[in-house]
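K.L.:
Take this structure, written in structure tokens, and hold onto it; I'll ask about it next.
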2 protein chains.
Amino acid sequence: MTEFRRLGILGGMGPLATLDFQQKILAATAAQRDQDHVPVVVWNVPQIADRQQALAGNGPSPLPQLLEAVKGLNQAGASHIAIPCNTAHYWYNELAAASAAPLLHIADITAQTILEASFRPQAVGLIATQGTLDAGWYQARFSQAGIRVVIPTSDELARWFVPGCYAVKRGDLRGGGQLLNLLADKLIARGAQKLVLACTEVPPALGSVGSRHLSDSIDPGAALANVCVRMWHQSHAAF
Amino acid sequence: MTEFRRLGILGGMGPLATLDFQQKILAATAAQRDQDHVPVVVWNVPQIADRQQALAGNGPSPLPQLLEAVKGLNQAGASHIAIPCNTAHYWYNELAAASAAPLLHIADITAQTILEASFRPQAVGLIATQGTLDAGWYQARFSQAGIRVVIPTSDELARWFVPGCYAVKRGDLRGGGQLLNLLADKLIARGAQKLVLACTEVPPALGSVGSRHLSDSIDPGAALANVCVRMWHQSHAAF
């Protein structure tokens, strides 16, 4: 296993979600002084082609900018790379092939977190972009474990998810949160016992409106942050 | 003037202050979509020698790690570098000499912000580390403009400032905020009309305890963030 020396965060998708992920790393760290914190280099360069548009066939691929970020993070001494954007994992294989530092896969880590928890839900709701839903990472991992997955309909995505996400991206957290909360209501009504908030814009948006669904939610960004902090402490303890 | 293409943030001092600075950049940005935000690469590597200890002659210099960060940010394409840590500006000249990207000086920008404001105080209080106070950047700039500077005594620094800062660094924002608020009380009592919170740990700590002094405070980190966003928009408008 590669020694965990420095975490590279491939962010920018979006800028707020990238900050939220850093906040989660800080919150998960038991530190007595500056030097105990996880060393991080963050690539928060949002001038990158829109992922949802690219996957819908309506715009250019973000792959060239993602590859530039992976190269930059490797040059900056990253021993591991986390991508706090679910949809960007569509290009995971190409990025992993171009990186000396291993890339942590957000869906692997989230599924593992749910399967290891004391309460195992029979059905989970999945709030994600069309691209993440189409990729099927979460569905495959949950189905394999016998967990039913409740996904949004195309109509629900268009009415609540897409405008909710883009509201967050322009800084309207509360507006976005209200829309996303309506989608969460629907998935719970269809039998989901837990919600996987598999788009990094969703947790801060639901938080800003004090959504009652947060307590029944799994935040893949938080799961990823927790694993990064644990890996750092495990490597660091060896010093 | 160098075109503003990408901001490098030399952070890590401390990790929370580095996040707070990124939050200030986001808050100062009028953005409609991801791609409108300031492109940022953040070096948040806190494994760096303690600045206060080094300046007190009690520990090694952080200069080697600061130079590594400057090199890394230049390699990552930074056109400008901001350092959201007042004390680290002690090594400003050495860092600027080693950097192709210009380094923005936090005290220059803060003094300029105060001198351009509609209300010009007759006396400002300065909350800062012994290193920043000794360096005299803020005092020189304010004295030149005829503004009296109220600084903490050694006793006040030892009782409230130092333990307050280190509380923030271990994650105890409220504990730190209570101590720092007592110091703010003293400077106001000695005639300061505005407080310059010239240590990046101070604003989030005072915020966490809802300090009444925040409304009379100037936050150098916010001033620096505002200037970065303005420079980005000025360059970006030309595209």
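The values are calculated or read from the model by the stated rules, or taken from the named source; none is laboratory data. The structure presented is a predicted model; accordingly, all values stated were derived computationally and were not measured. Note that each Cβ is placed from the backbone with ideal geometry, even for glycine, and that neighbours are counted across all protein chains shown. The protein model used for the area step is the full one, side chains on, heavy atoms only, and it has no ligands, DNA or RNA in it. Shrake-Rupley method; radii C 1.70, N 1.55, O 1.52, S 1.80 Å.
K.L.:
Regarding A:Val42, is this residue in contact with a Ser or Thr (Cβ under 8 Å, 6 or more places away or on another chain), at the interface with chain B (Cβ under 10 Å from one of its Cβ atoms) and part of a strand (DSSP E or B)?
P.N.:
Numbers: in contact with a Ser or Thr (Cβ under 8 Å, 6 or more places away or on another chain): yes; at the interface with chain B (Cβ under 10 Å from one of its Cβ atoms): yes; part of a strand (DSSP E or B): yes.
It is true that A:Val42 is in contact with a Ser or Thr (Cβ under 8 Å, 6 or more places away or on another chain), at the interface with chain B (Cβ under 10 Å from one of its Cβ atoms) and part of a strand (DSSP E or B).
K.L.:
Which pairs have Cβ atoms under 6 Å, sit 6 or more apart or on different chains, and link a residue in segment A:150-173 that is modelled with pLDDT of 95 or more to one that is open to solvent by 50 Å² or more (accessible area, probe 1.4 Å) and not in a helix (DSSP H, G or I)?
P.N.:
A:Val150/A:Arg190
K.L.:
Of everything in segment A:100-146 that's under 30 Å from A:Gly77 (Cα atoms) and among the hydroxyl-bearing types (Ser, Thr, Tyr), which residue is nearest to the chain's Cα centre (by Cα)?
P.N.:
For segment A:100-146, the residue satisfying everything is A:Thr110.
K.L.:
Within the bounds of segment A:42-64, is there any residue that is of a type outside the set (Gly, Ala, Ser), within 29 Å of B:Gly164 (Cα to Cα) and touching a residue at least 12 places away in the same chain (Cβ under 8 Å)?
P.N.:
yes
K.L.:
Okay, moving on. Can you confirm whether segment B:94-110 contains a residue that is closer than 21 Å to B:Gly14 by Cα, open to solvent by less than 50 Å² (accessible area, probe 1.4 Å) and among the small types (Gly, Ala, Ser)?
P.N.:
Yes - at least one qualifying residue is present in segment B:94-110.
K.L.:
Take the residues of segment A:37-57 that are farther than 16 Å from B:Gly11 by Cβ and among the polar types (S, T, N, Q): which is surrounded by the fewest Cβ atoms within 10 Å (Cβ to Cβ)?
P.N.:
A:Gln53
K.L.:
Follow-up. Is it true that some residue in segment B:14-36 is buried (at least 19 other Cβ atoms within 10 Å of the Cβ), of a type in the set (Asp, Glu), more than 7 Å from chain A (Cβ to nearest Cβ) and under 24 Å from A:Ala69 (Cβ atoms)?
P.N.:
Checked segment B:14-36: at least one residue is buried (at least 19 other Cβ atoms within 10 Å of the Cβ), of a type in the set (Asp, Glu), more than 7 Å from chain A (Cβ to nearest Cβ) and under 24 Å from A:Ala69 (Cβ atoms).
K.L.:
Kindly check whether there is at least one residue in segment B:70-82 that is within 11 Å of chain A (Cβ to nearest Cβ), over 17 Å from the mean Cα position of the chain (by Cα), in a helix (DSSP H, G or I) and farther than 19 Å from B:Cys228 by Cβ.
P.N.:
Yes: segment B:70-82 contains one or more residues that are within 11 Å of chain A (Cβ to nearest Cβ), over 17 Å from the mean Cα position of the chain (by Cα), in a helix (DSSP H, G or I) and farther than 19 Å from B:Cys228 by Cβ.
K.L.:
Take the residues in segment A:174-184 that are free of Cβ contacts under 8 Å to residues at least 40 places away in the same chain and among the aliphatic types (A, V, I, L, M), then tell me which one is surrounded by the most Cβ atoms within 10 Å (Cβ to Cβ).
P.N.:
Residues of segment A:174-184 that are free of Cβ contacts under 8 Å to residues at least 40 places away in the same chain, as a first pass: A:174-179, A:181-182.
Restricting the remaining residues to those that are among the aliphatic types (A, V, I, L, M) gives A:179, A:182.
Numbers: A:Leu179: 21, A:Leu182: 14.
Top of the filtered list is A:Leu179.
K.L.:
I've got another one for you. From A:Leu197, A:Leu187, A:Leu206, grab the single residue that is out of contact with any Lys or Arg (no Cβ under 9 Å at 6 or more places or on another chain), under 12 Å from A:Val124 (Cα atoms), buried (at least 24 other Cβ atoms within 10 Å of the Cβ) and not aromatic (Phe, Trp, Tyr).
P.N.:
Details: A:Leu187 fails: buried (at least 24 other Cβ atoms within 10 Å of the Cβ); A:Leu206 fails: under 12 Å from A:Val124 (Cα atoms).
Among A:Leu197, A:Leu187, A:Leu206, only A:Leu197 is out of contact with any Lys or Arg (no Cβ under 9 Å at 6 or more places or on another chain), under 12 Å from A:Val124 (Cα atoms), buried (at least 24 other Cβ atoms within 10 Å of the Cβ) and not aromatic (Phe, Trp, Tyr).
K.L.:
Quick one: B:Gly57 ticks every box in (1) at positive phi; (2) touching a Leu at 6+ places or on another chain (Cβ under 7 Å) except a single one, so which number is it?
P.N.:
For B:Gly57, the exception is condition (2).
K.L.:
Within segment A:90-106, can you find the residues that are outside any helix (DSSP H, G or I) and touching a strand residue (DSSP E or B) at 6+ places or on another chain (Cβ under 8 Å)? Break it down stepwise before answering.
P.N.:
Quick first cut of segment A:90-106, residues outside any helix (DSSP H, G or I) only: A:98-105.
Residues satisfying the conditions are A:Ser99, A:Ala101, A:Pro102, A:Leu103, A:Leu104.
K.L.:
Give all pairs with beta carbons closer than 7 Å in which a residue from segment B:94-119 that is on the phi > 0 side of the Ramachandran plot meets a residue that is outside any helix (DSSP H, G or I) and crowded, with 20+ Cβ neighbours inside 10 Å; count only pairs at least 6 apart in sequence or on separate chains.
P.N.:
Sorted first by the residue in segment B:94-119, then by its partner, the list stays empty.
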